[in-house]
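Only one structure is covered here, and it is reproduced in the block below.
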Amino acid sequence: MENNNSKILKLVQTGLLSALCFVAFTFLSIKIPVSGGDAVSLHIGNAFCVLAALLLGGWYGGLSGAIGMTISDLIDPTYAIGAPKTFVLKLCIGLVTGLVAHKFAKIDESNDKKYIAKWSIVASICGLGFNVILDPIVGYFYKQYILGQPQQIAAILAKMSLFATSINAVVSVVLVNFIYNAIRPVLTKTGLLLPVSKKEPF
């Protein structure tokens, strides 16, 4: 029964963080129009994806970001066609963050505040750094070969994406680590910080 309760609680937390990802990307973003009717955004949605991975593990964290921001894409005509790319990349942000934080550093098993703070920063940088590199590359090929956009427009979008994701990453690393290291002790005391399952690959 306790195991079932833990699973239900983790699903609830995943849904909550997914909603935070959705709100952050939908309502707390600055859209920058790009030629061809497309756009890039300055936003903090990725911060909550990384936060979810630090709190829940890579799979649940990645799903939080993937679901929340994919839904956000789908309701916006500008981003709707890029929703599949968003789902994959946000899932990967969570998986990379979770891999470093929980499988390598095992921060969920530590009570050392300095150790936890250090590795939450490292994991955040790895997850968001992955996105800075892959988002423009995947976006370029997705726009050109899947959506059939001209190479010149796809290249412009890739450059703009690199600019936007880099700014987003810096802001998100600072924000997510402030939030995570502030709320972790509270969640631990209240029993709401669940251990990351050893069965999960990330």
Next on the checklist: Condition (residue is among the aliphatic types (A, V, I, L, M), touching a strand residue (DSSP E or B) at 6+ places or on another chain (Cβ under 6 Å) and touching a residue at least 40 places away in the same chain (Cβ under 8 Å)) applied to region 137-158: is it met by at least one residue?
Outcome noted: yes
Checklist entry - Looking at this structure, is GLY65 open to solvent by less than 60 Å² (accessible area, probe 1.4 Å) and either closer than 16 Å to ASN168 by Cα or of a type in the set (Asp, Glu) (or both)? => result yes
Item to check | Whichever residue in region 21-43 is over 11 Å from MET69 (Cα atoms) and of a type in the set (Val, Ile, Thr) and, among such residues, is modelled with the highest pLDDT | outcome: ILE30
Checklist entry - Is it the case that some residue within region 8-20 is among the hydrophobic types (A, V, I, L, M, F, W, C), in a helix (DSSP H, G or I), open to solvent by less than 40 Å² (accessible area, probe 1.4 Å) and in contact with a helix residue (DSSP H, G or I) (Cβ under 6 Å, 6 or more places away or on another chain)? => result yes
Checklist entry - Which members of region 23-52 meet the condition of being closer than 18 Å to ALA83 by Cα, within 16 Å of the chain's Cα centre (by Cα) and open to solvent by 50 Å² or more (accessible area, probe 1.4 Å)? => result VAL23
Item to check | Residues within region 153-202 that are modelled with pLDDT under 85 and open to solvent by 70 Å² or more (accessible area, probe 1.4 Å), tallied | outcome: 4
Item to check | Single residue of VAL174, VAL186 found to be among the aliphatic types (A, V, I, L, M) and under 22 Å from GLY129 (Cβ atoms) | outcome: VAL174
Next on the checklist: Which condition from (1) at pLDDT 95 or above; (2) within 23 Å of LEU9 (Cα to Cα); (3) open to solvent by 70 Å² or more (accessible area, probe 1.4 Å); (4) of a type outside the set (Phe, Trp, Tyr) is the one that LEU95 breaks?
Outcome noted: (3)
Checklist entry - What are the pairs, 6+ residues apart or on separate chains, where a residue within region 108-129 that is surrounded by fewer than 19 Cβ atoms within 10 Å (Cβ to Cβ) and of a type in the set (Ser, Thr, Tyr) has its Cβ under 6 Å from a residue that is modelled with pLDDT of 95 or more and assigned to a helix (DSSP H, G or I)? => result SER110/ILE116
Item to check | Any chance PHE130 is in contact with a helix residue (DSSP H, G or I) (Cβ under 7 Å, 6 or more places away or on another chain) and in a helix (DSSP H, G or I) | outcome: yes
Item to check | Breaking point among (1) part of a helix (DSSP H, G or I); (2) touching an Asp or Glu at 6+ places or on another chain (Cβ under 7 Å); (3) not aliphatic (A, V, I, L, M), for PRO195 | outcome: (1)
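Please specify each residue of region 24-75 satisfying the condition of being in a loop (DSSP other than H, G, I, E, B) and touching a residue at least 40 places away in the same chain (Cβ under 8 Å).
Those that are in a loop (DSSP other than H, G, I, E, B) and touching a residue at least 40 places away in the same chain (Cβ under 8 Å): SER35, GLY36, GLY37, HIS43, ILE44, GLY57, ILE75.
The values are calculated or read from the model by the stated rules, or taken from the named source; none is laboratory data. Note that the structure is a prediction, hence the values are computed from the model and not measured. Using ideal geometry, Cβ is built from the backbone for each residue, glycine included, and neighbour counts are taken over all protein chains shown. Side chains are part of the model used for accessible areas, which takes the heavy atoms of the whole protein and leaves out ligands, DNA and RNA. Shrake-Rupley method; radii C 1.70, N 1.55, O 1.52, S 1.80 Å.
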